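The values are calculated or read from the model by the stated rules, or taken from the named source; none is laboratory data. Please read all numbers here as calculations on a predicted model, not as lab measurements. Backbone-built Cβ (ideal geometry, glycine too); neighbour counts: all protein chains shown.
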Amino acid sequence: MKNLIPPTKKIDWYVTISQQKREPKKSLLLGLREQVQIRYMEYEAFADSSQLVMMTESPFPANEKGALLDCRGTKSWVDLRDHIRKIQTVESQSICQMCGIGEPLTLDHYLPKEEFPEFTALSINLLPCCPICNMKKSDRWKDGTERIYINLYYDLLPSEKYLSCVYSENGGKPNVYFELIDSGQIERPFFNLISSHFKNLDLLRRYSARANSELFALRDPLQKMVKSLDRDSARAELFNHARGVKITYGQNYWRTAVAESLAESDDFLASAGL
């Protein structure tokens, strides 16, 4: 999981999209530009201070909300979607940063468009994510006065380790599970946000379901080199692999946690014949 790069030129996208709509919706949307821009400024100010929960309800009447929700479906909307994806790093273009598993084929409205239709085409409210994360998040974004999902544009992810993987064997069968660890180095409110994000997206279970494929991918090469490697050399190979994954995808990427756990496990090395 890594932070995403927030797009710029926010109101420009709204204007361009509005200009491509047919009348009378075009004139209605362009007439709302000033009000929408004020709401954009409020959004950005609250997001910068991690206070998006302070956003007041949408002030627009039903007919205007309908027009704002209809900002999608134009060529400029497609251009906006593609722009958001293209400005991300190569890694973030290929892997959903909300989970670290799927491909980011969709855009999630961090503040739900049904509740805040004026942010339907707000670039900084659109986060690339995989279909599973988008479906699980749906229109939920807070519980009372607390946000329940990390905003990968504005919530700076900590460098401290908070995701751990534990490898064990039961009757010769591998068992891999994940857990969040609170080292005390991450401020409590933010660790709570991380925990909520993982819980609501079912990430620990989703990681465990994929862990065996990673386990076999790392064990099979070791088995082929068993005659030329001793246990210490194999452990060093695994740690080198973990460092490479960590550099590319981050400290708290699930594959990083798996590789580190396997490198520390005598049971795993023994299962590879070492």
Cβ-Cβ below 6 Å, separation at least six or inter-chain, first residue in the stretch 92-112 and farther than 16 Å from residue 209 by Cβ, second polar (S, T, N, Q): which pairs?
106/134; 108/134; 109/125; 110/125; 110/151; 111/125
Please give the number of the condition residue 211 fails out of (1) surrounded by 16 or more Cβ atoms within 10 Å (Cβ to Cβ); (2) under 25 Å from residue 143 (Cα atoms); (3) not aromatic (Phe, Trp, Tyr).
(2)
Residue ranges of strands (runs of 3 or more DSSP E) in the stretch 101-194 with at least 1 members in contact with a helix residue (DSSP H, G or I) (Cβ under 7 Å, 6 or more places away or on another chain), within 22 Å of residue 48 (Cβ to Cβ) and not aromatic (Phe, Trp, Tyr):
106-109, 126-129
So which residues in the stretch 1-39 are touching a residue at least 40 places away in the same chain (Cβ under 8 Å), exposed (fewer than 13 other Cβ atoms within 10 Å of the Cβ) and among the charged types (D, E, K, R), if there are any at all?
9
Checked against (1) surrounded by 13 or more Cβ atoms within 10 Å (Cβ to Cβ); (2) in a loop (DSSP other than H, G, I, E, B); (3) among the charged types (D, E, K, R), residue 42 satisfies every condition except (2)
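Hey, does the stretch 177-184 have a residue that's over 16 Å from residue 202 (Cβ atoms) and surrounded by 16 or more Cβ atoms within 10 Å (Cβ to Cβ)?
no
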Among the residues of the stretch 180-197, count how many are in contact (Cβ under 8 Å) with a residue 24 or more places away in the chain and within 18 Å of the chain's Cα centre (by Cα).
8
If we scan the stretch 201-213, do we find a residue that is of a type in the set (Ser, Thr, Tyr), in contact with a strand residue (DSSP E or B) (Cβ under 8 Å, 6 or more places away or on another chain) and not assigned by TED's automatic domain parsing to the domain that holds residue 108?
yes
